[in-house]
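Visitor: Here it is, the structure in full.
The values are calculated or read from the model by the stated rules, or taken from the named source; none is laboratory data. Note that the structure is a prediction, hence the values are computed from the model and not measured. Every residue, glycine as well, gets a Cβ built from its backbone with ideal geometry; the counts of neighbours run over all protein chains shown.
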Amino acid sequence: MQHTGRAGHHTVVVVGAGQAGLAMSWHLTARGIDHVVLDRGEVAQAWRRERWDSLRLLTPAWLCELPGAPYDGDDPEAFLTAAATGDLLAAYAEAIGAPVLTGQTVVEARRTAAGWEVATATDRFTSDALVVATGAASDTAVPAWAAALPPGIETVSALEYRNPSGLPEGEVLVVGASASGAQIADELARAGRPVTLAVGEHVRVPRTYRGIDIHRWLHTVGHLEERWDEVDDIVRARRLPSFQLIGTPERRDLDLTTLAGLGVQLVGRAMALDGHRLLCSGGLAREVAAADLKAGRLLRRFDEHAIAAGLDVELPPPTELEPTPMPAHAVTEVDLRRFSAVVWATGYRPRFAWLDPAALDRKGRLAHDGGVGALDGLYVLGLPFLRRRRSSFISGVGPDAADLAAHLHTRLGNRVGDRRRGRVRDRRLVGPGAPGGCG
């Protein structure tokens, strides 16, 4: 849905029309708070334009619920494609009547004595509060030394990669072995391409355990609901790599053992360049052992829960993960001249160059406490472990948005809705069964 002619003052400006921005829109509407949602492209722009062709969600469909729209499809264990996820969000935006302005690239947002001033390429807005809902994956976090790669090697980020045919013929180096890197390496190897994967810290989990999906287990034991103010080191928790997982109809595992079985060469974390030589960490075996140990501990937690809940006898027996096999000799350097392309899957970072510098910490990260910014009237939504471990899931943005909308309502007090309440009074909320599918 595209709204036009809404420049001017709004109680709240929301930047980003993905799942986070739309969830916040639902909760603001429920509270009668006037707002507008700005997006640089279309609704769910990232899902439609910035994902590789074969990508599916890592989370099952039952975890695709949004505020006012619980899952009501016929296959809760399916994994939506990126395109289907974009369609889901577009249908949701239409169903809730979200006041989205598309094609509005925000170039500056500044805090003033009167509130917030937000400038796009074409319009200007003012507001009492600003919600940043642009997500955590605006850019790939490519190391600085990447600029010194030898000439003739094509480089793409995980955001730019689309399919194996889009890369030149020859061997491909994939740097990073979390979800994106593992999936891209897997796809390239299955397409017959020789692949080397540079592996750093990673999180190994099986797709299913004792016949139950890993996310169903994590939900059942309460892991996904752990809060940001209950963990010992929230900075560390927010920076943990994503699970080595893939969402496929056959629910297959994806880990280093799988990749090695496909012929992928595993090397340690990419550290630096020395001419045409890529220098790699010699600690691959240590990283692998740590990931195997943590995965085993997680499975034992599931087993303990099954016993305590009286479910143990109903499930297949517990199993042990096989240790990840390691090469006989650690590879500490790689000759880059053998590669035609490098895919950077080295993690993602949000883009906040347009935001008031006073809102950022010394490393350029948006400073917040559970999504409440340091500047008056500033909120952020959709980042990893914002308020819960599932904050970056589609199903996680709703509870976070509810909390932040309540905080915003209290913070703004009598200013909320006074000027524009009539504009939103008749907007209907989406009912429990709409839209259909995974939402």
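Visitor: Among the numbered conditions (1) modelled with pLDDT under 95; (2) buried (at least 21 other Cβ atoms within 10 Å of the Cβ), tell me where Arg351 comes up short.
Guide: Arg351 satisfies all of (1) modelled with pLDDT under 95; (2) buried (at least 21 other Cβ atoms within 10 Å of the Cβ) except (2).
Visitor: Of everything in segment 367-381, what is surrounded by fewer than 20 Cβ atoms within 10 Å (Cβ to Cβ), in a strand (DSSP E or B) and either of a type outside the set (Asp, Glu) or under 16 Å from the mean Cα position of the chain (by Cα) (or both)? Give them in sequence order.
Guide: Hit for segment 367-381 is Val372, nothing else.
Visitor: Give segment 278-308 a look and list any residue that's within 17 Å of Gly176 (Cα to Cα), in a helix (DSSP H, G or I) and not small (Gly, Ala, Ser), or say none.
Guide: Those that are within 17 Å of Gly176 (Cα to Cα), in a helix (DSSP H, G or I) and not small (Gly, Ala, Ser): Leu284, Arg286, Glu287, Val288.
Visitor: Right, another one. What are the residues in segment 62-87 that are crowded, with 17+ Cβ neighbours inside 10 Å, within 19 Å of Arg207 (Cα to Cα) and over 16 Å from the mean Cα position of the chain (by Cα), if any?
Guide: Across segment 62-87, the qualifying residues are Trp62, Ala78.
Visitor: Here's something else I'd like to know. Across segment 263-277, what is the total count of residues that are in a strand (DSSP E or B) and of a type outside the set (A, V, I, L, M)?
Guide: Going through segment 263-277 one residue at a time, the tally reaches 3.
Visitor: Out of the residues in segment 385-439 that are β-branched (Val, Ile, Thr), in contact with a helix residue (DSSP H, G or I) (Cβ under 6 Å, 6 or more places away or on another chain) and at pLDDT 50 or above, which is surrounded by the most Cβ atoms within 10 Å (Cβ to Cβ)?
Guide: Among them, the one singled out is Val397.
Visitor: Still on this structure, please answer the following. For segment 325-348, what are the residues that are at pLDDT 95 or above, more than 30 Å from Val106 (Cα to Cα) and in contact with a helix residue (DSSP H, G or I) (Cβ under 6 Å, 6 or more places away or on another chain)?
Guide: none
Visitor: Here's something else I'd like to know. Do we have any residue at all in segment 124-141 that's part of a strand (DSSP E or B), among the acidic types (Asp, Glu), touching a residue at least 12 places away in the same chain (Cβ under 8 Å) and touching a strand residue (DSSP E or B) at 6+ places or on another chain (Cβ under 8 Å)? Give the derivation first.
Guide: Step one: list which residues in segment 124-141 are part of a strand (DSSP E or B), which gives 124-132, 139-140.
In the following step, the residues that additionally are among the acidic types (Asp, Glu) were identified as 128, 139.
Checking which are touching a residue at least 12 places away in the same chain (Cβ under 8 Å) leaves us with 128, 139.
Pick out the ones that are also touching a strand residue (DSSP E or B) at 6+ places or on another chain (Cβ under 8 Å) and you get 128, 139.
Yes, there is a match, as at least one residue in segment 124-141 is part of a strand (DSSP E or B), among the acidic types (Asp, Glu), touching a residue at least 12 places away in the same chain (Cβ under 8 Å) and touching a strand residue (DSSP E or B) at 6+ places or on another chain (Cβ under 8 Å).
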